[in-house]
Amino acid sequence: MNIDRRSLIFGAAGAAMLGGLAPAALAAAKAKLGPIGLQLYTVRDLFAADPVATLQKVAAVGYREVEFGGGGYDKMDPAMLRGAMDRLGLKSPSVHIGYDALLEQFDASVAMARTLGADTIVLPYMVDKHRTAEAWQVAVTNIARIAGQIQQAGFGFAYHNHDFEFTVAPGGETLFDRLVKAVDPALMKIELDLYWAIYAGQDAEALIKRFPGRIYSYHVKDMRPDRKMTAVGAGTIDFARLFTLNATAGVQHFYVENDQAPAPYIPDITKSFQTLRALRF
């Protein structure tokens, strides 16, 4: 290989320039997030009262993705919601649809997701009655079947965790482990709620590494020293460190969520958005 003098000089100069970059400039050269999303459960009270005005406020903060969940969205006209999103430059890559709805109103649920423009359906929660060994086995069997139906309908499927999946362990095996073993990874990905996993005592970094390529999205909320939820950047979770594993995880979307956001809600989601927009990792 021939390397001329000009190339050598340019290479040396480039290295010197990089070496002389201030810390702020080096940080700017690091990775950053693409579109940042909001799980609308965070602003459910506002959304239930006026969904279009709420979507306008969310878009004005800077969010470009939303994930529907709570606020009675499933009782609203999905075409109306889609029209509002289109006008505001918002997309909804995924929607939360409950277990009972997927069991009993599958076709209507899929039609709603399609109208909203989603490509993935997320199962968000399992109530207490499903959390025994016997009931969980029934639920897992149903979830595996639903996952196959969702794939046949042209959607992806993911399960969203809380803390109980890691802390309830009938027979010594957690509900989370039973679920991820029983359902084909090709049919079910994970929407990893980082706060709830950490709250349950999980090492989030180890958990991410355990499921390479299987994590569809993160729910991003922070934890105060007293373990209560707070806006991203107002707590103790080191998101920059965790996000260095994004390629390993395969994560596609980052949804801010605060189940306990204080009214009037918009300042809370603004703090989280601004923190994530400035984050470099």
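Coordinate-derived values only; no laboratory data. Worth saying up front: this structure is predicted, and the values here are computed from it rather than measured. Every residue, glycine among them, receives a Cβ derived from its backbone with ideal geometry; neighbour counts consider all protein chains shown.
Where both partners of a DSSP beta bridge lie in the chain, what percent of those bridges are antiparallel, to the nearest 5? Mind showing how you got there, number by number?
Numbers: 2 of 27 bridges.
Of those bridges, close to 5 percent are antiparallel.
Near Q152, within a Cβ-to-Cβ distance under 15 Å, what is the net charge of the other residues, with Lys and Arg +1 and Asp and Glu -1? Each step should come with its number before you reach the end.
Numbers: positive: R114, R145; negative: D107, D119, D184.
Charge balance near Q152 sits at -1.
Grab the other residues whose beta carbon is less than 14 angstrom from that of L90, score K and R as +1, D and E as -1, and report the net. Provide the component values of the computation, followed by the final result.
Values: positive: K57, R64, R82, R87, K91; negative: E65, E67, D86.
Charge balance in the 14 Å sphere: +2.
Please give me the summed charge of the neighbours of N142: other residues whose Cβ is under 14 Å from its Cβ, Lys and Arg +1, Asp and Glu -1.
Details: positive: K129, R145, R178; negative: D100, E104, E134.
With Lys, Arg at +1 and Asp, Glu at -1, the neighbours total 0.
So how strong a dipole does the chain carry about its Cα centre when Lys and Arg Cβ are +1 and Asp and Glu Cβ are -1, to the nearest 20 debye? Please list the in-between numbers first.
Numbers: 29 positive and 29 negative charges, 226 e Å.
Using only the charged Cβ atoms, the result is roughly 1080 debye.
So which of K189/K209; K57/K91; K57/K271; K228/K271; K189/K228; K91/K189 end up more than 18 Å apart by C-alpha?
On the way: K189/K209 14 Å; K57/K91 15 Å; K57/K271 14 Å; K228/K271 16 Å; K189/K228 27 Å; K91/K189 20 Å.
Long pairs (Cα-Cα over 18 Å): K189/K228; K91/K189.
In deg cm²/dmol and to the nearest 500, what is the mean residue ellipticity at 222 nm of the chain if only DSSP H runs of at least 4 residues count, each as -39500 (n - 2.57), divided by the residue total? Kindly include the intermediate steps, with their values, before the conclusion.
Working: 15 runs with 132 residues, N = 281.
Result for the chain, helices only: -13000 deg cm²/dmol.
Run the reach check for K30 against aspartates and glutamates, Cα to Cα strictly under 17 Å, same-chain hits fewer than 8 apart removed. What comes back?
Counting by Cα, and skipping residues close in sequence, K30 has these aspartates and glutamates nearby: D238.
Charges on Cβ only, +1 for Lys and Arg, -1 for Asp and Glu, centred on the Cα centroid of the chain; of H162, T174, L38, which one is farthest towards the dipole's positive end?
About the Cα centre, the residue reaching furthest to the positive side is L38.
Measure out, as a whole number of angstrom, how far apart the alpha-carbon centroids of the stretch 34-49 and the stretch 69-89 sit.
Going from one Cα centre to the other spans 11 Å.
Taking just the alpha carbons, could you work out the radius of gyration and Dmax for the chain, both in angstroms?
Expressed in Å, the Cα Rg and Dmax of the chain come to 21.1, 74.
Based on alpha-carbon centroids, what's the gap between the stretch 154-171 and the stretch 195-246 in Å, whole number please?
With the stretch 154-171 and the stretch 195-246 each reduced to a Cα centre, they are spaced 15 Å.
Which trypsin sites (Lys or Arg not before Pro) from the stretch 46-110 combine a DSSP loop assignment with at most 16 other Cβ atoms within 10 Å? List each step's numbers first, then the result.
Details: sites: K57, R64, K75, R82, R87, K91; in loops: R64.
Passing both the DSSP loop test and the Cβ count: R64.
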